[in-house]
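What follows draws every value from the coordinates through simple rules; no lab data is involved. Here the structure is a predicted model, which means the values were calculated and not measured. Glycine also receives a Cβ, built like all others from the backbone with ideal geometry; neighbour counts cover every protein chain displayed.
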Amino acid sequence: MNHQHSGELAAPEQRVRHAPVSRAIYGLITVLAVLQVFAVYQPSAWHGTVTLFGTTLAVALADAYSDSIAAMLSAQRSLSWEDLREIAHDVWPILVGAQGPTLLLLLSAFGLISVELAITLAQVVAFLLLFGYGWRVGHMLHEDRPRQLASGLLLVAIGGLAVGIKAAFH
């Protein structure tokens with residue numbers, strides 16, 4: 001694998017479009033914010049499942065709508081099917097991070113685990129996914145493991161800040 005040194009751009013075949021990556025992280029932060037509210041005001045299992053997935057779906061749809069409007073205004077024309085597919089592709093990662101936590105809440109809805117345990121495990125999964133994204137970004141940008149680890153931990157810290165702010169004001 002071709003590792004890059006700090007400050008160097010990735011080779012064209014390794015370049016990553018920023019929209020899906022930033023939206024995946026944004027989706028996970030949204031999931032963590034919802035889960036923090038659940039930790040304080042524990043919902044029923046079904047209510048939590050629907051609320052978590054519904055919130056991330058609403059954020060993804062709002063993002064897709066705003067991208068569509070911006071693209072039409074920028075191009076001064078209606079969007080093609082290709083444009084819409086590209087927007088959907090870019091927005092899809094918002095929903096990806098919600099799948100694991102939503103599945104855990106769904107397990108509680110079926111009575112397989114308690115709602116409290118589902119919320120705790122969902123938070124752990126969301127933080128692990130954030131760490132994974134951060135680690136992967138660090139791996140793409142830096143050769144040395146400490147910087148890769150720092151990248152993962154930085155993203156976890158950002159997620160923790162969001163959770164901490166929610167916890168402080170609820």
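Some observations on this one:
- Identified option (computed percent of Cα pairs over 25 Å apart; candidates (1) 34; (2) 37; (3) 43): (3)
- Under 5 Å between amide hydrogens, built in the peptide plane, is the criterion, and for HIS142 it picks out GLN4 among residues at least 5 positions away or on other chains.
- Neighbour count of at most 13 Cβ within 10 Å plus DSSP loop: longest trypsin sites (Lys or Arg not before Pro)-free window in the chain: 78-170
- Three principal axis lengths of the range 85-165 [C-alpha, angstrom, descending]: 45, 34, 24
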